[in-house]
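For reference, the structure is listed below as structure tokens.
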Amino acid sequence: METKRLSPNDIETAAHIIAGGGLLGIPTETVYGLGANGLDPGAVKGIFAAKGRPQDNPLILHIPEESWLERYCQDIPQTAYTLARRFWPGPLTMILKRRDLVPDETTAGLDTVGMRCPDCALTRAVIAAAGVPVAAPSGNASGRPSPTTAAAMLEDMEGKIQAILDDGPCRVGVESTIIDLTVTPPRLLRPGGVTLEELEEVLGRVEVDDAVRRLMTPGEQPKAPGMKYRHYAPKAPVTVVKGDPDETAGYIVARMGERSGVLCFDEFQGYFRGHPVETIGPAADQAQHARRIFEALRAFDRLEVTDIWAQSPTDEGLGLAVTNRLNKAAGFHIIALP
Ligand code: TXA
Ligand code: MG
């Protein structure tokens, strides 16, 4: 199949692909997604096949506005509306009790479903025109870093999807925050563009799922099935070094091998001359770290590196989402300097 490139004037063509059961690359503010009609089991199976995604990993549904929530969810708590009014459209996915019309193929048999209203007017217009909720995981092949440009998505999906709608690079760069509202207190399953601190302002106490900060041991089940997989990983092994940036840079310089790659803050690039280096922005610029992290990880696969050393951002605010992705890419191989 030839994958068509669509531009922002092609809303109708894009909606047609979704309504017809096809696969469409969709832009969002977080990462590009691999979209299909979330009510059509056949279309949803196509998503799993194109990504090579394990069948037990549920998909989230994208809707153009809050009023669609009741179509697919029931027993919706008041907090869902409060969060929607504060953060939608935006990078927040809420886990809610599903209605029966949402097929098992979409939710991997769970009685809950993740709901998200993306902050991308183009994609919301496509969903509204298609008239169905769009199931969309990140548009990478399973296990690879998520794509933040149409070109990155095509590296993995060329020839496997009908078309991709190109709306330029993603503004946030890491996937949405996932909050489970079916439990008390609400539980953060994946950190993302809406920070834990922002959620706590609205919800009070929020439990942070263990899978956010550490590796699951064999047999342990994180609440978001996708969090158990080694993920976002470049081919070469990654070691994350945590601590004051001056110290971590010095630590890495002293230990790196001849063909080691380094992921570092802009200010420290000069330490690693002669090595393949990917920068993720100034140490203090968390928004830039989020926008850069996946492209930086992907870039190492195009370079000949034996291993990768990474300076770790701190984990307050948006940093929790960035360190979660980086730590997962490293299989939680982390060195914490005193
Ligand atoms: O920003 C995003 O959320 C992007 C864009 C495309 O919208 N989508 C995305 O989808 O990241 P995906 O499939 O790559 O990640 C969704 C995560 C997975 O870890 C999955 O296991 C979890 O959400 N998930 C989905 N439905 C769930 C449910 N009912 N209960 C718990 N976790 C769920
Ligand atoms: Mg994903």
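The values are calculated or read from the model by the stated rules, or taken from the named source; none is laboratory data. Nothing here was measured: the structure is a model prediction, and the numbers come from that model. Because the Cβ atoms are built from the backbone with ideal geometry, glycine has one as well, and the counts that use them run over all protein chains shown. Quick note on the areas: whole protein, heavy atoms, side chains included, nothing else; ligands and nucleic acids left out. Shrake-Rupley method; radii C 1.70, N 1.55, O 1.52, S 1.80 Å.
Points worth noting:
- Scanning the stretch 21-65 for residues that are of a type in the set (Lys, Arg) and open to solvent by 30 Å² or more (accessible area, probe 1.4 Å), we see that the one that is modelled with the lowest pLDDT is Arg53.
- Boolean, Pro103 is open to solvent by less than 50 Å² (accessible area, probe 1.4 Å) and either assigned by TED's automatic domain parsing to the domain that holds Glu200 or within 24 Å of Val202 (Cα to Cα) (or both): yes
- Answer residue from the stretch 157-167, given it is touching a helix residue (DSSP H, G or I) at 6+ places or on another chain (Cβ under 8 Å) and open to solvent by 10 Å² or more (accessible area, probe 1.4 Å) and is nearest to ligand 2 (Cβ to nearest atom) among those: Lys160
- Residue match in the stretch 296-303 (condition: touching a strand residue (DSSP E or B) at 6+ places or on another chain (Cβ under 8 Å), at pLDDT below 95 and assigned to a loop (DSSP other than H, G, I, E, B)): yes
- Members of the stretch 179-192 that are under 19 Å from Leu61 (Cβ atoms), within 16 Å of ligand 2 (Cβ to nearest atom) and open to solvent by less than 20 Å² (accessible area, probe 1.4 Å): Leu189, Gly192
- Pairs are defined by a Cβ separation below 8 Å, a sequence spacing of at least 6 or placement on different chains, a first member in the stretch 145-160 that is without any contact (Cβ under 8 Å) to a residue 12 or more places away in the chain, and a second member that is open to solvent by less than 10 Å² (accessible area, probe 1.4 Å) and in a helix (DSSP H, G or I); no pair meets this definition.
- Test result for Arg116, among the basic types (Lys, Arg) and either open to solvent by 50 Å² or more (accessible area, probe 1.4 Å) or farther than 23 Å from Gly20 by Cβ (or both): no
- The set of residues in the stretch 265-295 that are over 18 Å from Pro191 (Cβ atoms), outside any loop (DSSP other than H, G, I, E, B) and among the aliphatic types (A, V, I, L, M) contains only Val277.
- Top-ranked residue of the stretch 268-292 - restricted to ones that are touching a strand residue (DSSP E or B) at 6+ places or on another chain (Cβ under 9 Å) and more than 11 Å from Ile308 (Cα to Cα), ranked as surrounded by the most Cβ atoms within 10 Å (Cβ to Cβ): Ile280
- Looking only at residues of the stretch 209-252 that are more than 19 Å from Ile335 (Cα to Cα) and in contact with a strand residue (DSSP E or B) (Cβ under 7 Å, 6 or more places away or on another chain), we find that the one that is surrounded by the fewest Cβ atoms within 10 Å (Cβ to Cβ) is Asp209.
- Selection count where residues are over 13 Å from Lys242 (Cβ atoms) and surrounded by fewer than 24 Cβ atoms within 10 Å (Cβ to Cβ), scope the stretch 301-315: 7
- Cβ separations smaller than 6 Å between residues 6+ apart or across chains give the following pairs from the stretch 210-238 residues that are closer than 22 Å to Asn140 by Cα to residues that are of a type in the set (Val, Ile, Thr) and within 16 Å of ligand 1 (Cβ to nearest atom): Ala224/Ile178.
- All positions within the stretch 136-155 that are among the hydroxyl-bearing types (Ser, Thr, Tyr), part of a loop (DSSP other than H, G, I, E, B) and either within 8 Å of ligand 1 (Cβ to nearest atom) or open to solvent by 30 Å² or more (accessible area, probe 1.4 Å) (or both): Ser142, Ser146, Thr149
- When Val262 is tested against (1) closer than 22 Å to Pro169 by Cβ; (2) aliphatic (A, V, I, L, M); (3) not in a loop (DSSP other than H, G, I, E, B), only condition (1) is not met.
- Lone unmet requirement of (1) under 16 Å from Val44 (Cα atoms); (2) buried (at least 21 other Cβ atoms within 10 Å of the Cβ) for Gly109: (2)
- Single residue of Ser146, Ser176, Ser138 found to be in the same structural domain as Lys45 (by TED's automatic domain parsing) and either modelled with pLDDT under 95 or over 20 Å from the mean Cα position of the chain (by Cα) (or both): Ser146
- Complete set of residues in the stretch 115-135 that are within 11 Å of Ile26 (Cα to Cα), part of a helix (DSSP H, G or I) and among the hydrophobic types (A, V, I, L, M, F, W, C): Leu122, Val126, Ile127
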